[in-house]
Every structure is written in structure tokens, then in C-alpha cells.
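Written below as C-alpha cells is the structure these notes are about.
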Amino acid sequence: MKELRAGVSAAGDIAIEGEHLLAEAAASGLKFSTVFVEQGQEARLARLHLPTDAELLAVAPDVFASAVHTESPQGVAALVRLPLWTLNQVLDRRGPALVMVSGGLQDPGNLGTLIRSAEAFGATGFVMLPGTVSVANQKVLRASAGSAFRLSCVTAKESEFFAALEARGIKTVAAVAVDGGSATSWDFTQPTALLLGNEGAGLAASLVERANARVTIPMPGPVESLNVAVAGSVLLYEAARQRGGAR
């Protein structure tokens, strides 16, 4: 149970909680090492179609409640192995790249939402630069609603990332609150990496300077800026629209 409380095991398996997330992990083909079920809730397992080779532990209700992090875990939790991706795998996917890049995003809810939007709008991968919260964070996984199990996500250093982009001819676009070109003016049909920054400070100057272009979402209303997850989702929709994937 200590691995469930810690959120990660010594072998690198991460904890997930609740019926929906366990079902998504199973449907995504993740490897389950251990499944925890609260005593009296065993019937929930039958509808989840979990792998049969995982260790199954029935746990007393008070012990289960003390080990989980969510308020309503529905009596089930598990330790699973997230897919391991390399930067080359993320950037060498078939078709023109559309890579979402997080430059120091720290709120796990925002990162999880962006990963979900990235999958929804056809991004080919997600790159997390230093300062970004871990994709294995419990709140990230819940906010992604299973997308973190399927979309290729990788961490990378700034220098290695930009070198890899240049070698492949992938253009970089920095999302900025003001003074950028209209988001609709960028040709998202070409291989593109879309850079989003920290919730409060935005993108670091070094990232903005290295980008091939800057884009700003036009807002007719009296709002200074958008939440980073909302802004990223709007830009991903525009990319999907240009690529024919959104109508």
C-alpha cells in the first residue's frame, strides 16, 4: 500500500485511481502490476475488463481510504506502467508533425487538460521542457482523462529539443498574449511545434526568441488573457481546422 500512497513504486509504476482511469488504462494496453480493490467493492472489477495477470489485493475500507488521494476513488486503484517515449519517436511520427510543447507549465490540471486537447485535435506528440510538472502526477492523469496513456509524451532539454526540430525542419510557434500574429495567419498544415508557457509568467524569453513566429489569439472581449489550457486548446483547434480535422 505504500506505493499507492506514494503514487509511484520502486519499479517506476505509477498509481491511478477510479473506475474511469483504470478502464482507460486497460483499453490503452497499459501494463498493470497491482490492482487494489476496497473490500465490498469487488463487483466493480467485472465491468472494467482489467488484465488478468495483475496482482489483485483486496483492502479494508479504512486502509484503502488512507492510501488514495482522490475524494471519490470508487473503491478501485492500480499501479500501472506508463509508456516510455523518446524525443525521436515523438518527432518522427507519420505525417506532418503537430507537437504541443510545455515551457514550464506547473499546474497539473492545466497540463492534463492540454494533453487531452492535444489528443482530441490530432497532435502527434507532447514535449515537456524543464520546469513542467510530471505527466505521472495524479492530477495530470485525472485531468487528461486517459489521453496521457495514449499520446506520446516526453521530457526534453531546451537545447536538445530545438536541435531535433531544426534537423527535421519543424517550425516553432510561440503563443504570446500580445503582439503576435493572428493565430489564423500561421500555416499549421506544415510541421509545427506549438510553444506554451507558464501560467503566470508565460513563455521564457529564450523560448520566444528561438521561435520562428509568434501568434496571439484575437479576443474581441475585454479580457487580458486566457487560461493557458484554454489558449492551447483554441490553437490546437485552429491547427485541426486547417488540417481538415475540424469543421
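Assorted remarks:
- Within the option set Ala10, Ala43, being at pLDDT below 90, of a type outside the set (D, E, K, R) and under 25 Å from the mean Cα position of the chain (by Cα) holds for one residue only, Ala10.
- The stretch 166-181 residues that are farther than 14 Å from Glu224 by Cα and open to solvent by less than 20 Å² (accessible area, probe 1.4 Å), paired with ones that are part of a loop (DSSP other than H, G, I, E, B) and of a type in the set (A, V, I, L, M) (beta carbon under 9 Å, 6 or more apart): Ile170/Ala97; Thr172/Ala211; Val173/Ala211; Ala174/Leu203; Ala174/Ala211
- Enumeration of residues in the stretch 144-165 that are open to solvent by 30 Å² or more (accessible area, probe 1.4 Å) and not in a loop (DSSP other than H, G, I, E, B): Arg150, Thr155, Glu158, Ser159, Glu160, Ala163
- Unique match (being open to solvent by 40 Å² or more (accessible area, probe 1.4 Å), in contact (Cβ under 8 Å) with a residue 24 or more places away in the chain and out of contact with any Ser or Thr (no Cβ under 6 Å at 6 or more places or on another chain)) among Gly40, Gly7, Gly75: Gly40
- Here Ala26 clears all of (1) farther than 14 Å from Ala77 by Cβ; (2) out of contact with any helix residue (DSSP H, G or I) (no Cβ under 9 Å at 6 or more places or on another chain) except the condition numbered (1).
- Val133 being buried (at least 19 other Cβ atoms within 10 Å of the Cβ) and either in a loop (DSSP other than H, G, I, E, B) or acidic (Asp, Glu) (or both): yes
- Whichever residue in the stretch 56-107 is among the polar types (S, T, N, Q) and outside any strand (DSSP E or B) and, among such residues, is farthest from Gly232 (Cα to Cα): Ser66
- Of all residues making up the stretch 166-185, the number that are over 21 Å from Val90 (Cα atoms) and either in a helix (DSSP H, G or I) or not β-branched (Val, Ile, Thr) (or both): 8
- Just one of the listed residues (Ala136, Ala239, Ala246, Ala183) is at pLDDT below 95, in contact with a Phe, Trp or Tyr (Cβ under 7 Å, 6 or more places away or on another chain), closer than 22 Å to Thr124 by Cβ and among the small types (Gly, Ala, Ser), and it is Ala246.
- Val223 of a type in the set (Val, Ile, Thr), over 21 Å from Phe121 (Cβ atoms) and surrounded by 13 or more Cβ atoms within 10 Å (Cβ to Cβ): no
- Candidates in the stretch 211-245 are the residues that are outside any helix (DSSP H, G or I) and of a type in the set (Gly, Ala, Ser); of these, the one that is nearest to Ser144 (Cα to Cα) is Gly245.
The values are calculated or read from the model by the stated rules, or taken from the named source; none is laboratory data. For clarity, every value in this text was computed on a predicted model and none was experimentally measured. So basically every Cβ, Gly included, is an ideal-geometry build from the backbone, and we count neighbours across all protein chains shown. Only protein heavy atoms, including side chains, enter the accessible area calculation; ligands, DNA and RNA are left aside. Shrake-Rupley method; radii C 1.70, N 1.55, O 1.52, S 1.80 Å.
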